[in-house]
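Asks: Let me give you the structure first, and then I'll get to my questions.
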Amino acid sequence: MKPAPLDVLVIDENRIRAAVIEEGLREAGYTDVTIIHDMAGIAARIATLEPDVIVIDLENPNRDMLENMFQLSRAVKRPIAMFVDRSDTASIEAAVEAGVSAYVVDGLRKERVKPILDMAISRFNAFSRMARELEDARTELESRKLVDRAKGILMKSRGLSEEEAYTLLRKTAMNQNRKISEIAQSLVTAAGLLGPEDAS
Amino acid sequence: MSHLVTAGFLPLLDSALLVAAREKGFAREEGVELLLVRENSWASIRDRLAVGHFNVAHMLAPMPIACNLGLTPLATRTIAPMALGLGGNAVTVSQTLWDEMRGNGAASDFEPRSAGEALAAIVTQRATQGLPLLRFAVVHPHSGHNYELRYWLAACGVDPDSDIEIVIVPPPLMADALGSQRIDGYCVGEPWNTAAVVKGVGRIATAKAAIWRSSPEKVLGVAADWAEANPETLTALLRALHRAAVWCGDPANHGELAAMLAGPAYVDRPADWLLPALSGTIRTGDGGEVTTRDFFLPHAKGATFPWKSHALWFYSQMVRWGQVAASARNEAIARDTYRPDLYRSALRELGVALPGANAKVEGALSAATPVGSAGASLVLGPDGFFDGVTFDPDEVSAYIERQKRLPRV
């Protein structure tokens, strides 16, 4: 007989990440997935939902509250054991590394839960990578804008061409062993102090 | 050569020793590069210690015991070779509840008996009127906060398991939970009581130092495997933390310490929120101030010594509140979690005043008392529980039995 499908609850205040996890679970055939973003009234929600597996981000400050709730049979009808399997240290390390934690109904077989945890780990990692790339792109754009403004200031105040202005910035950066964007930032700040119209 | 040690901590006043050890250079002078990582929950501290992200951590004093007793998920074998100070907590209630407590005889100066009996009276009135149970929050089931709140209430005739509700809320969210009336009161470390005072949503009713003077609160939790593999680094770290404790304990440094802890990487709140606990003069929340002796002790009175009697008291309370079964084996696990031997061997050469014993009868000292110590003079006490009951670490079973028979009022 095929075992009943697992009810999975995903608790994540980050809506995008939660959506990424949910999508992964649905693709893997888990149809009973609930997402909770808001921690208010969470105890009552969990008591009603009675999930088999709870996936939560490690940074959630309410994990102590949740763990306590799981240990009190009053709040949750079915006792929830923590994590998948204490003996599976590789999975545990991968999960903590990825920033995700999972709680599982006591007695649930490891083989049934492991795919869920593995999926959550890989999606969490993918999400971090995506967030990092986005952050890098943002920084890159910011520094390009700064350099453009610094070039403009030099062109205007010293009558340089754009190429000459860039060469000067780069040379200064190399001499001082700093990034071009840092030199540009200093210049923009200094120009702002000396004459607001130049820095605008 | 410098040894890297990674430590997890939560944004609380009593992360002070770790923060000062890093910021004032005490760690570096001992050859330790101390990396501090702020966390959001005790669960994360435990998990990251378990998988080796952290070597050591700022921990609730009962937490390493709970880990070794197998009461928490994912626990690794953890030892406590040093305490990170005594006291530092308080109980804050909503303005509404405080008004009721005043009406029922609560003293305004943190005196625990009158405040607790006022709560007992209110609990009874509410039951008669069919009102919902009062809801109090603590930070963790295995915390000094949980045990001292329960001890205080039980000694005043309130059954913390059935007369009130106790929930878990993270420290930085306490004041907001109180302000939005999701809870009626809470027990937490500073500056999260002062937070309610500043926001005008609460009144501090009593203090940990008033419930149990000179009582344990946080320890340095150390992954046992790491400690065994790196005895010299651990020794160097304990020395650095000792020197940080001496520095934190000097009132002349409190302004600098408060400013340091206020930084964005640490508690990330105004320095003004951290000063009351350091000075012991606490703003109560109704315009007054109360000066509490020994509100928070980072150094004096053997504040960093990991007393086995503290570990055993926590064990007795775990049994009392049904978290663990009483057994000789569990008692031994609790006792062996605290490691005064490591503390002594690390600090002996520094000429530090060291207690001669590993355990003491808690509540036995009614006055400041010089104790036999190696090398230098050490003064302990006064200490003790507000109800005058003592805890003898050689008579743990009898203590547990007596607490079972406490009469219901």
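Each value in this text was obtained by applying a stated rule to the coordinates, not by laboratory testing. Everything numeric here is computed off the predicted structure, so don't read it as measured data. Every residue, glycine among them, receives a Cβ derived from its backbone with ideal geometry; neighbour counts consider all protein chains shown.
Asks: How high is the relative contact order of chain B, in percent, counting Cα pairs under 8 Å that sit 6 or more residues apart?
Replies: Answer for chain B is 21 percent.
Asks: Relative contact order of the range B:354-404, please, whole-number percent, based on alpha carbon pairs below 8 angstrom and at least 6 residues apart.
Replies: Rounded, it is 36 percent for the range B:354-404.
Asks: Using only the alpha-carbon atoms of the protein assembly as shown as identical scatterers, what base-10 log of I(q)/I(0) does the Debye formula give at q = 0.06, 0.07, 0.11 Å⁻¹?
Replies: -0.37, -0.49, -1.09
Asks: Okay, next question. Report, in degrees rounded to the nearest 10, the 0 to 90 angle that the Cα long axis of helix A:89-98 makes with the longest principal axis of chain A.
Replies: Helix A:89-98 and the main axis of chain A meet at about 40 degrees.
Asks: Sort B:80-87, A:44-51 for me by packing, meaning the mean count of neighbouring Cβ atoms within 10 Å per residue, highest on top.
Replies: Ranking, from highest mean packing down: B:80-87, A:44-51.
Asks: Rounded to the nearest 500, what is the 222 nm mean residue ellipticity of the protein assembly as shown from helices alone, with -39500 (n - 2.57) per DSSP H run of 4+ residues and division by all residues?
Replies: -14000 deg cm²/dmol
Asks: Of the options B:Tyr315, B:Leu297, B:Ala106, report the single residue whose Cα projects farthest towards the positive end of the charge dipole of chain B (beta-carbon charges: Lys, Arg +1; Asp, Glu -1).
Replies: Of the listed residues, the answer is B:Tyr315.
Asks: Calculate, in nm to one decimal, what A:Lys171 and A:Ser157 gain on full extension: separation in residues at 0.36 nm each, minus their alpha carbon distance.
Replies: Gain on stretching A:Lys171 to A:Ser157: 3.2 nm.
Asks: Please list 3J(HN,Hα) in residue order for the range B:345-358, calculated via the Karplus relation 6.51 cos²θ - 1.76 cosθ + 1.60 where θ = phi - 60°; whole Hz, with x for glycine and proline.
Replies: Working through the residues one at a time gives 5, 6, 9, 3, 5, 7, x, 6, 5, 10, x, x, 9, 9 Hz.
Asks: Can you tell me the dipole magnitude for the protein assembly as shown around its Cα centre, using point charges on the Cβ only (Lys, Arg +1; Asp, Glu -1), in Debye to the nearest 20?
Replies: 260 debye
Asks: Still on this structure, I have one more. Mind listing the phi-derived Karplus ³J(HN,Hα) values for the range A:122-127, rounded to whole Hz, using 6.51, -1.76 and 1.60 with θ = phi - 60°, and x for any glycine or proline?
Replies: For the range A:122-127, the Karplus curve yields 5, 5, 4, 4, 4, 5 Hz.
Asks: What's the average, rounded to a whole number, of partner chain beta-carbon atoms within 10 Å of each residue's beta-carbon in A:93-101?
Replies: The mean count of partner-chain Cβ atoms within 10 Å per residue comes to 3.
Asks: Another question, if that's okay. Enter the mean number of other protein chain beta carbons within 10 Å of the beta carbon of each residue in A:152-159, as an integer.
Replies: The mean count of partner-chain Cβ atoms within 10 Å per residue comes to 0.
Asks: Give a residue-ordered list of calculated ³J(HN,Hα) values for the range B:96-104 (Karplus: 6.51 cos²θ - 1.76 cosθ + 1.60, θ = phi - 60°; whole Hz; x for Gly, Pro).
Replies: Going residue by residue, I get 4, 5, 4, 4, 5, 5, 4, x, 9 Hz, with x marking Gly and Pro.
Asks: For a quick check: with amide H placed at 1.01 Å from N, whose amide H comes under 5 Å from B:Val167's, ignoring anything fewer than 5 positions away on the same chain?
Replies: HN-HN under 5 Å from B:Val167: B:Phe136, B:Ala137, B:Val138.
Asks: I need the fraction of alpha carbon pairs in chain A separated by more than 30 Å, rounded to a whole percent.
Replies: Here the tail beyond 30 Å accounts for 44 percent of pairs.
Asks: Lys/Arg Cβ at +1, Asp/Glu Cβ at -1, dipole of chain B taken about the Cα centre: which of B:His3, B:Val324, B:Ala90 is farthest positive-ward?
Replies: Farthest towards the positive pole: B:Val324.
Asks: Could you please report the charge total around B:Ala155, scoring K, R as +1 and D, E as -1 over all other residues with beta-carbon less than 11 angstrom from its beta-carbon?
Replies: Once positives and negatives cancel, what remains is -1.
Asks: Tell me which residues come under 5 Å, amide H to amide H, from B:Thr6 once H is placed; ignore anything under 5 positions away on its chain.
Replies: B:Leu35, B:Asn55, B:Val56
Asks: Check B:Val188: other-chain or 5+ apart residues with amide H under 5 Å from its amide H, H built from backbone geometry?
Replies: Sorted by chain and number, the residues that satisfy this are B:Ala90, B:Thr92.
Asks: For B:Thr96 and B:Asp394 in one chain, what is 0.36 nm times their gap in residues minus the Cα-Cα distance, to one decimal in nm?
Replies: Full extension from B:Thr96 to B:Asp394 adds 102.9 nm.
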